[in-house]
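Comments concern the structure below.
The values are calculated or read from the model by the stated rules, or taken from the named source; none is laboratory data. Being a predicted model, the structure only gives us computed values, none of them experimental. Quick reminder, even Gly has a Cβ in these numbers, built from the backbone with ideal geometry, and neighbours come from all protein chains shown. Surface accessibility is based on the protein's heavy atoms, side chains included, excluding ligands, DNA and RNA. Shrake-Rupley method; radii C 1.70, N 1.55, O 1.52, S 1.80 Å.
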Amino acid sequence: MNNRYRGISLWWLAMAAALTPLITIHTTFVVSILEGHVSWCVPYWDSCTSISRTGRYGTSYFIFKGTMLPAAILGVLFWFLNSQWLLQLGATSRGRPWIPWLGLVACASLAAYTLALGHAGDGFYLIRRIGVVLYFALTYIAQLLISSALTGHPRWRRSGQHLLWLCELTLAVGILSVILSAVAPTVYSQTDDAFEWVLALLINLHAIWLAVLWKKSGFRARLWAE
């Protein structure tokens, strides 16, 4: 009996994991405007509304929860497969085994944040704050580990360096927000929502870039058939 394998391309899963959160927050933003819950603005520099507020009221409440929870599940798969992708490329590093675990906790935090959104009370507020901080922080660390691992691979060194530059930009935005909150709290209170939107964009751009690299490398799942 002959064995044969068929490969299933996986880059689409990475792209779905990257685009689902990004499309969701912009969709709920537009829907919230149309329903009158949020005023028209450009949140990336107007700092007119938080991401949370776009998914807190009306139809957006259901859209946000109905897409962000699947996005969290996709994210867990995405980070697990990233570890396998690096192993397949031969771009191994001491940080590689941590990537799936960082992704798991980050996505669990996103799910907790999503479930708590729209509910009043100090407990729900604490869950949202912890959830969003862990999601951004752990996702960033996982992206940093992947980018660093790629810089040690002869073929993917340039891509890894570009991803590291993106990580540095993300870090710079985060540090700027921390500095503003400490030295100019009034200014920070007027711009903190914009920082959140920019950080979300940069993190998802990194994931989109990884999806493109998955496609270029031909990363596939192999199914064996008798």
Open item on the list: Using Cα-Cα distances under 8 Å and only pairs 6 or more residues apart, what relative contact order does the stretch 14-159 have, in percent?
Closed with: 21 percent
Open item on the list: Could you work out the relative contact order of the stretch 1-75? I mean the mean sequence separation of Cα pairs under 8 Å and 6+ apart, divided by the number of residues, in percent.
Closed with: 36 percent
Task: Chain lengthening between W98 and S181 when straightened (0.36 nm per residue, less Cα-Cα) - done: 26.8 nm
Task: Mean Cβ count within 10 Å, highest first, over the residues of peptides 164-177, 205-218 - done: 205-218, 164-177
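Pairs of Cα atoms under 8 Å, at least six residues apart: use those to get the relative contact order of the stretch 69-226, whole percent.
Worked out over the stretch 69-226, it gives 19 percent.
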TODO: Apply 1/(1 + (r/R0)^6) to the Cβ-Cβ distance of W40 and K215, taking R0 = 30 Å, and write down the FRET efficiency to the nearest 0.05.
DONE: 0.25
Task: Largest-first principal axis extents of the Cα set of the chain (Å) - done: 66, 39, 30
- [ ] Using +1 at the Cβ of each Lys and Arg and -1 at the Cβ of each Asp and Glu in the chain, identify which of G160, T24, L34 lies farthest towards the dipole's positive end.
- [x] G160
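Return the carbon/sulfur percentage of the accessible area of the chain, one whole number, probe 1.4 Å, all protein chains in place.
Answer for the chain is 66 percent, counting heavy atoms of protein chains only.
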Task: Label-zone membership for the stretch 110-124, site L69, 7 angstrom Cα→C-beta point, backbone N under 18 Å - done: 110-120, 124
Task: For the chain, Cys with no neighbouring Cys Cβ under 4.7 Å - done: C107, C167
Open item on the list: What percentages make up the Cα-Cα pair-distance distribution of the stretch 1-77 when the bins are 5 Å wide from 0?
Closed with: 3, 15, 21, 17, 13, 10, 7, 4, 3, 3, 2, 2, 1, 0
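Computed FRET efficiency, Cβ-Cβ of L201 and F80, R0 25 Å: what is it to the nearest 0.05? The partial results should precede the final answer.
Working: r = 24 Å, r/R0 = 0.97.
That gives a FRET efficiency of 0.55.
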Task: Using a Förster distance of 41 Å, the FRET efficiency for Q161-A120 (Cβ separation, nearest 0.05) - done: 0.35
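Skip the ligands, DNA and RNA, and give the accessible area per residue of the chain with a 1.4 Å probe, whole Å².
So the chain comes to 53 Å² accessible per residue, rounded to a whole number.
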Task: Bins of 10 Å from zero: percent of alpha-carbon pairs in the stretch 39-78 - done: 27, 39, 29, 5
- [ ] Work out Dmax and Rg for the stretch 125-226 from the C-alpha atoms and quote the Rg first, both in angstrom.
- [x] 17.3, 67
